[in-house]
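Q: Below you will find the structure I want to go over with you.
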Amino acid sequence: MRDLLFEIGTEELPAGALAPALSQLAELFGRKAAALKLGHGPISLFATPRRLALQVAALVERQEDQREELLGPSRQAGIAADGSFTRAAEGFARSKGVTVDALQLVPTAKGEYLMLLRELPGRPTSELLVELLPGLISELSFAKSMRWGSKLQSFARPIQWLVALYGNEVIPVDHEGIVSGRLSRGHRFLAPEQFEVAAPADYQGQLAKRFVLADPAERRQRVLAEINNAVGDAAELAGGQVVVDEGLVDTVTNLVEYPFAVCGLFDRKFLQLPDEVLITSMREHQKSFPVSDGSGRLLPGFVAVNNTRVNDPAVTRKGHQRVLRARLEDALFFFNSDRETTLEARLPRLQGIIFQAKLGTMAEKNERLVKLVRLLAEKIAPDQVAPCCRAALLCKADLLTEMVGEFPTLQGTMGAAYARHDGESEAVASAIEEHYLPKRAGSELPRGEIGALLGLADRIDTLVGCFGIGRIPSGTADPFGLRRISLAILHIIEGKGYQLSLREICRKALALYGDKVDGSSATVNAVLAFVKGRFVNDCVGRGLAAAEVVEAASAVAFDDVNDCLRRIEALAGISREPAFTVLAASFKRIRNIVKENSDQQVDPALFSEAAEESLYALYGRVREEMEALLAAGEYGRALTAMLQMKEPLDLFFTEVMVMAEEPAVRRNRLNLLTALGELILRIGDISKMQPEG
């Protein structure tokens, strides 16, 4: 067994391309090696802006021998009555490069067939790698790829060199004129010369000597150490600490091969800007980290990470400071200029911003939001109607500010800052910012009631509007982010514990569009089905319950999200009871028997069997008990009460002929089963929790 090293050397790759490319490399190699029967040890992955590399430990030196079984024609088609081989058999043998004498009859589930059995000796791994490794390049996909010069194969950036070593042996890989060898390259500036990789096991160490930390995890730790040490070296920021943004750390890690941090300062006058403006300016323009004091207040300093060491850090520091100062001067100008006009005064100009071509302008959306949030507030928080409507009126006005024009990610944040400056209440200002939460699955929800209601109204308006004009996600295409919007709606409702009818609010939201959309019940049904699909996937993905439990609860009622969640919890709990499995099987049998029957009128005078009399009597008691529990939302206790019917129901199916010859008796028994089934369906379709078979 020998180790394998395959390195793809490139021009500087985009930071966001590295992690997905490494995942693909590992998956592609693992799949191809398995298909070729090539056993191997652990796979190590390396990536820097200038390289993607795969190192495989203990790769076997020869492919496993394989026994090939090729099924040919049936005996009837391949062997004539006189025992000779037919043309079909001869053709099959010829296509496999053998004579008919090599074929043999074998029994199969479909009868006897001619088969060719042959042993294929394994090929040397070095030969197979010549075919396997080029596929790793050609099958890698990127969000954005490019072609250059006369090259036909696209890649994220131009490929400059290839290293392919199997032990000490160079594997010849030719990628459009670039031939692999053992020559790699160190840091572009600190060690630009080529060097020979002695062996795969030496790769990481040889690069480290040339200022390349090839392991992304190791490089990330180095970035963190550098930025923290840099702050400690700045006397002006004594006691300060870096505000670590994990996403920015990942980005910086993928922008450098060996990090060198430098701490810079800026004028204290810029601290009058909202923290988010300062942080965004540093992050987006210079990939720099802010510095705060012990109480979380920002200090007039930042830390930038460079990809090279300089002789005079002061020169680098001044360069970073000069660039950041220019950005902050712009931001301060925008901030002061924006505050000269109130948010309310900007509202008429929303007519000039298109929300969606068929759905109208942002001004029209604003009008709908005010009406929709009023409907929600009147139902959920009647004492908050006025501030909800005020927040809805102003929540999109910051789209017209210069600051949001420069930094779109600050939408909402700047609206809140300007609302406070305009003298709006803190509740309204906070809601303007919070109605964009959550920004992604699992992230922070709006803290305040107004922000949560406004966030719901905003997303529901967008969701129903898109469905109303037929802009429904298909496959992976979701240009309006409706899947993300649906999850945010669900998480806000769940997180806030709201009890509301999704059907009702979607119907009213559609009505606010007037004739711009298809406001039919079919559209409402499509919206609910879409949201329900996200709900099921989310519940299962978060491990709230097994898929069949979620399906059982949501299949009968999904309109009230939190009610559905409570039924899921109850079903998940009761499913662990042995008696429930038997009851679920019986309920599935009931569903199959009653089919389209919907009548629940039962006449006890038609009973002729003790089993049906006792089942009906118990049904009456259980129904009365369950009705009270269901009204109180006590679904777990209601299910426990329902378990009382297990044995009487078993006895009923054992002793009673449901499909009796007498029509009235048959109908009466079907009605009894229908009534039982409908009672169970108040909580969930438990037949979905019964295994098939």
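Q: Among the residues of the stretch 389-429, which ones are touching a Phe, Trp or Tyr at 6+ places or on another chain (Cβ under 6 Å) and at positive phi?
A: Within the stretch 389-429, 412 is the sole residue that qualifies.
Q: Just one of the numbered conditions (1) assigned to a strand (DSSP E or B); (2) free of Cβ contacts under 8 Å to residues at least 40 places away in the same chain is not true of residue 113; which one?
A: The one condition residue 113 does not meet is (2).
Q: Looking at 52, 5, 28, can you tell me which residue is assigned to a strand (DSSP E or B) and either within 28 Å of the chain's Cα centre (by Cα) or farther than 21 Å from residue 134 by Cα (or both)? Spell out the reasoning first.
A: Values: 5 fails: either within 28 Å of the chain's Cα centre (by Cα) or farther than 21 Å from residue 134 by Cα (or both); 28 fails: assigned to a strand (DSSP E or B).
Among 52, 5, 28, only 52 is assigned to a strand (DSSP E or B) and either within 28 Å of the chain's Cα centre (by Cα) or farther than 21 Å from residue 134 by Cα (or both).
Q: Now for a different question. Return the total of residues in the stretch 582-630 being among the β-branched types (Val, Ile, Thr) and farther than 15 Å from residue 645 by Cα. Outline the logic, then answer.
A: Within the stretch 582-630, the first condition is being among the β-branched types (Val, Ile, Thr), and the residues that meet it are 582, 590, 593-594, 602, 622.
Then drop every residue that is not farther than 15 Å from residue 645 by Cα, which leaves 593-594, 602.
Of the residues in that region, 3 qualify.
Q: Which of the residues spanning the stretch 307-333 are part of a loop (DSSP other than H, G, I, E, B) and under 28 Å from residue 214 (Cβ atoms)?
A: Result: 307, 308, 309, 310, 311.
Q: Being over 23 Å from residue 686 (Cα atoms), of a type in the set (D, E, K, R), touching a residue at least 60 places away in the same chain (Cβ under 8 Å) and in the same structural domain as residue 578 (by TED's automatic domain parsing): is that true of residue 650 here?
A: no
Q: Tell me the residue from 346, 368, 374 that is more than 34 Å from the chain's Cα centre (by Cα), surrounded by 15 or more Cβ atoms within 10 Å (Cβ to Cβ), assigned to a helix (DSSP H, G or I) and of a type in the set (Lys, Arg), please.
A: So the residue among 346, 368, 374 that is more than 34 Å from the chain's Cα centre (by Cα), surrounded by 15 or more Cβ atoms within 10 Å (Cβ to Cβ), assigned to a helix (DSSP H, G or I) and of a type in the set (Lys, Arg) is 346.
Q: Now a separate question. Among the residues of the stretch 81-132, what is the count of those that are out of contact with any Gly (no Cβ under 6 Å at 6 or more places or on another chain), β-branched (Val, Ile, Thr) and surrounded by 13 or more Cβ atoms within 10 Å (Cβ to Cβ)?
A: Residues meeting the conditions: 5.
Q: Restricting attention to the stretch 151-168, report how many residues are part of a loop (DSSP other than H, G, I, E, B), farther than 26 Å from residue 38 by Cα and either of a type in the set (S, T, N, Q) or outside the structural domain of residue 130 (by TED's automatic domain parsing) (or both).
A: Selection size over the stretch 151-168: 2.
Q: Next up: Residues to consider are 628, 675; find the one that is within 50 Å of the chain's Cα centre (by Cα), surrounded by fewer than 18 Cβ atoms within 10 Å (Cβ to Cβ) and under 30 Å from residue 565 (Cβ atoms).
A: When all the criteria are applied, what remains is 628.
Q: Among the residues of the stretch 407-428, which ones are within 31 Å of the chain's Cα centre (by Cα) and aliphatic (A, V, I, L, M)?
A: 410, 414, 416
Q: Give me the helices (runs of 4 or more DSSP H) completely within the stretch 430-512, filtered to those with at least 3 residues that are of a type in the set (Lys, Arg), ordered by residue number.
A: Answer list for the stretch 430-512: 482-496, 502-511.
Q: Would you check if residue 93 is in contact with a helix residue (DSSP H, G or I) (Cβ under 6 Å, 6 or more places away or on another chain), over 28 Å from residue 218 (Cα atoms), modelled with pLDDT under 90 and not polar (S, T, N, Q)?
A: So residue 93 passes the test.
Q: Still on this structure, please answer the following. Testing residue 211 on (1) closer than 14 Å to residue 55 by Cβ; (2) out of contact with any strand residue (DSSP E or B) (no Cβ under 9 Å at 6 or more places or on another chain), one condition comes back false. Which one is that?
A: (1)
Q: Which of the following residues is within 21 Å of residue 326 (Cα to Cα), part of a helix (DSSP H, G or I) and either of a type in the set (Ser, Thr, Tyr) or over 36 Å from the mean Cα position of the chain (by Cα) (or both): 271, 278?
A: 271
Q: Got a sec? Which of 517, 531, 594 is crowded, with 21+ Cβ neighbours inside 10 Å, in the same structural domain as residue 441 (by TED's automatic domain parsing), touching a Gly at 6+ places or on another chain (Cβ under 7 Å) and touching a residue at least 40 places away in the same chain (Cβ under 8 Å)?
A: 517
Q: Restricted to the stretch 116-142, and to residues that are assigned to a loop (DSSP other than H, G, I, E, B) and of a type in the set (D, E, K, R), which residue is nearest to the chain's Cα centre (by Cα)? Walk me through how you get there before you give the answer.
A: Within the stretch 116-142, the first condition is being assigned to a loop (DSSP other than H, G, I, E, B), and the residues that meet it are 121-123, 139-142.
Restricting the remaining residues to those that are of a type in the set (D, E, K, R) gives 123, 139.
Working: 123: 41, 139: 23 Å.
Checked the stretch 116-142; the qualifying residue nearest to the chain's Cα centre (by Cα) is 139.
Q: Do we have residue 245 as surrounded by 14 or more Cβ atoms within 10 Å (Cβ to Cβ) and closer than 19 Å to residue 55 by Cβ here?
A: So residue 245 fails the test.
Q: Can you work out which of the residues in the stretch 59-80 that are touching a Lys or Arg at 6+ places or on another chain (Cβ under 8 Å) and of a type outside the set (Lys, Arg) is surrounded by the most Cβ atoms within 10 Å (Cβ to Cβ)?
A: Selected residue: 59.
Q: Continuing with the same structure: Any residue at all in the stretch 169-181 that's in the same structural domain as residue 57 (by TED's automatic domain parsing), of a type in the set (S, T, N, Q) and under 25 Å from residue 27 (Cβ atoms)?
A: yes
Q: While we're here: Only helices (runs of 4 or more DSSP H) wholly contained in the stretch 172-260 count here; list those with 1 or more residues that are under 22 Å from residue 313 (Cα atoms). Give the steps one after another, and end with the answer.
A: Working: elements: 203-208, 216-232, 246-253.
Hits in the stretch 172-260: 216-232, 246-253.
The values are calculated or read from the model by the stated rules, or taken from the named source; none is laboratory data. If you're wondering where the values come from, they're calculated on a predicted model, not measured in any experiment. A quick note on method: Cβ atoms are made from the backbone with ideal geometry, for glycine too, and the neighbour counts reach across all protein chains shown.
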